[in-house]
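Visitor: Questions regarding the structure given below will be posed in turn.
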């Protein structure tokens, strides 16, 4: 319990420090494009329930759907490539040739193929995350020494048991790290995709406020998008804490 | 050539040859034409210089390597880890780092589908075994939080909870300090006296082979082969450990192993 309150306190201190910097800069510059935090927070409380909540819900849904799809396809693929050498030899070239393509550059094509609606946005996030998941899971399993399987092999364990007792726990830490790294990119990409072909989502909200020269609402949107990212990181950390007990220090 | 098996033999190597395929050296046989039998309910110690294929012998029984020639039989049938209960203790104890001590001990039985968490007799058996091994307080710990000796005890608990048909131990006590090693040998003997499980024990300590093995197989290297097999009347008798006979025997055995190694080195220099 002491550890948790200690962590909270250190995060609070950092947040206060960052706010102070923001405030100082705003007072120093005296520009309408850099308002002081107090005005932004007041505006945020006014528009949050009325407006932002709906946009935030859309953004969260897109991230969740893209992430879910990436895990459903990327994790099994990574396991197959990591455990079966033959499959890896066959699939690795495909993964390595497509991995370096900047996925965001494919957005115009995706929008033409999948429409400008939800599907193209979710597919974009899926494409960003799936490669990281595949490569991380494959490497985690491939670096396992052969001896790790011996106690199970010598007991005549089935493939399902080998997955449950060795492959799944061995791949979890790197899998979670991959999700964490990909999540930051996914939020940025989400913002970008939401500036096209939609009237919902945090990306749309922020750009719309900007076009209306409503800087206070724009800042409120940026703040909410940032908190959303923080929340996602928090969820991933909690999941890691529960799922990877043996790694706790 | 027909080869006969005694009905009381639990493990039998029948002209076994194993070759490892690797990128650099494709041909060298790890073990060649090894024949050896282990009678039911005895401990057979395999001793020899490093690199003579001792571990390969165990892996062949556990179905971890595919023999190139010959075969391994368990109780007269083909060695099959799905058919027989094989307790395998590798050199690094084989504990899964993501499982607690309790989960690690129960793993063997869970894989064989005969562990029922909460069932009184199962829990009692586990508790008794953990108490006998003095690890009852460690149930919720993870392997990396344990000392080498404690990990060894957990590994022993897993093997004996399984009540295996055969037990394979690959230099199980070699990573421990001298005092802990002798202590663990006594712990093993005490557990073994209860179940009398047929055991194949690989070691490079002469005293360990003499102390635990009722049968001792001496191996030579390049290719790995059996040099001599003999029955050891000192095996499994704690009271004889300090005796003059034990001391003489270990000296003679050490001489013999040195002779095998020297012969091997001579051959290596000549070729």
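The values are calculated or read from the model by the stated rules, or taken from the named source; none is laboratory data. Quantities reported herein were computed from a predicted structural model and do not represent experimental measurements. Reconstructed Cβ throughout: ideal geometry from the backbone, glycine too, with neighbour counts over all protein chains shown.
Visitor: Identify, from the list B:66, B:102, the residue that is surrounded by fewer than 19 Cβ atoms within 10 Å (Cβ to Cβ) and modelled with pLDDT of 90 or more.
Guide: Among B:66, B:102, only B:102 is surrounded by fewer than 19 Cβ atoms within 10 Å (Cβ to Cβ) and modelled with pLDDT of 90 or more.
Visitor: From A:91, A:77, grab the single residue that is touching a residue at least 24 places away in the same chain (Cβ under 8 Å), touching a helix residue (DSSP H, G or I) at 6+ places or on another chain (Cβ under 6 Å), assigned to a helix (DSSP H, G or I) and farther than 27 Å from residue A:219 by Cβ.
Guide: A:77
Visitor: A further question follows. Which of the residues spanning the stretch B:158-171 are closer than 25 Å to residue B:54 by Cβ and either surrounded by fewer than 23 Cβ atoms within 10 Å (Cβ to Cβ) or within 13 Å of chain A (Cβ to nearest Cβ) (or both)?
Guide: Those that are closer than 25 Å to residue B:54 by Cβ and either surrounded by fewer than 23 Cβ atoms within 10 Å (Cβ to Cβ) or within 13 Å of chain A (Cβ to nearest Cβ) (or both): B:158, B:159, B:162, B:164, B:165, B:166, B:167, B:168, B:169, B:170, B:171.
Conditions tested, residue by residue: (1) farther than 23 Å from residue A:189 by Cα; (2) in contact (Cβ under 8 Å) with a residue 24 or more places away in the chain; (3) in contact with a strand residue (DSSP E or B) (Cβ under 8 Å, 6 or more places away or on another chain).
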| residue | (1), (2), (3) |
| --- | --- |
| A:14 | yes, no, no |
| A:25 | yes, no, no |
| A:47 | yes, yes, no |
| A:51 | no, yes, no |
| A:59 | no, yes, no |
| A:63 | no, yes, no |
| A:97 | no, no, no |
| A:105 | no, no, no |
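Visitor: Hey, another quick one. Can you tell me which of (1) under 22 Å from the mean Cα position of the chain (by Cα); (2) more than 9 Å from chain B (Cβ to nearest Cβ) is the one residue A:143 doesn't meet?
Guide: Of (1) under 22 Å from the mean Cα position of the chain (by Cα); (2) more than 9 Å from chain B (Cβ to nearest Cβ), only one is false for residue A:143: (1).
Visitor: If you don't mind, there's one more thing I want to ask. Going through A:240, A:217 one at a time, which residue ends up being surrounded by 18 or more Cβ atoms within 10 Å (Cβ to Cβ), within 16 Å of residue A:35 (Cβ to Cβ) and touching a helix residue (DSSP H, G or I) at 6+ places or on another chain (Cβ under 7 Å)?
Guide: A:217
Visitor: A follow-up question, please. Being crowded, with 16+ Cβ neighbours inside 10 Å, modelled with pLDDT of 90 or more and under 27 Å from residue B:134 (Cα atoms) narrows it down to one residue among B:176, B:201; which is it?
Guide: B:201 is the lone residue from the list that is crowded, with 16+ Cβ neighbours inside 10 Å, modelled with pLDDT of 90 or more and under 27 Å from residue B:134 (Cα atoms).
Visitor: With A:180, A:164 as the choices, which residue is within 13 Å of chain B (Cβ to nearest Cβ), modelled with pLDDT of 90 or more and assigned to a helix (DSSP H, G or I)?
Guide: Just a single option satisfies the conditions, and that option is A:164.
Visitor: Loosely packed, with under 14 Cβ neighbours inside 10 Å and under 24 Å from residue A:233 (Cα atoms): is that true of residue A:20 in this structure?
Guide: Yes, satisfied.
Visitor: Among (1) part of a helix (DSSP H, G or I); (2) in contact (Cβ under 8 Å) with a residue 12 or more places away in the chain, where does residue A:144 come up short?
Guide: Unmet for residue A:144, out of (1) part of a helix (DSSP H, G or I); (2) in contact (Cβ under 8 Å) with a residue 12 or more places away in the chain: (1).
Visitor: Follow-up question, since we're still on this one. Within the stretch B:85-116, take every residue that is assigned to a helix (DSSP H, G or I) and free of Cβ contacts under 8 Å to residues at least 24 places away in the same chain and give me the one that is nearest to the other protein chains (Cβ to nearest Cβ).
Guide: By that ranking, first place goes to B:111.
Visitor: Just give me the residues in the stretch B:64-84 being in contact with a strand residue (DSSP E or B) (Cβ under 9 Å, 6 or more places away or on another chain), part of a loop (DSSP other than H, G, I, E, B) and closer than 16 Å to residue A:156 by Cα, in sequence order.
Guide: Hits for the stretch B:64-84 are B:64, B:65, B:66, B:79, B:80, B:81, B:83, B:84.
Visitor: Also, I was wondering about something else. Give A:71, A:47, A:40 a once-over and let me know the one that is assigned to a helix (DSSP H, G or I), at pLDDT 95 or above, in the same structural domain as residue A:229 (by TED's automatic domain parsing) and buried (at least 17 other Cβ atoms within 10 Å of the Cβ).
Guide: A:71
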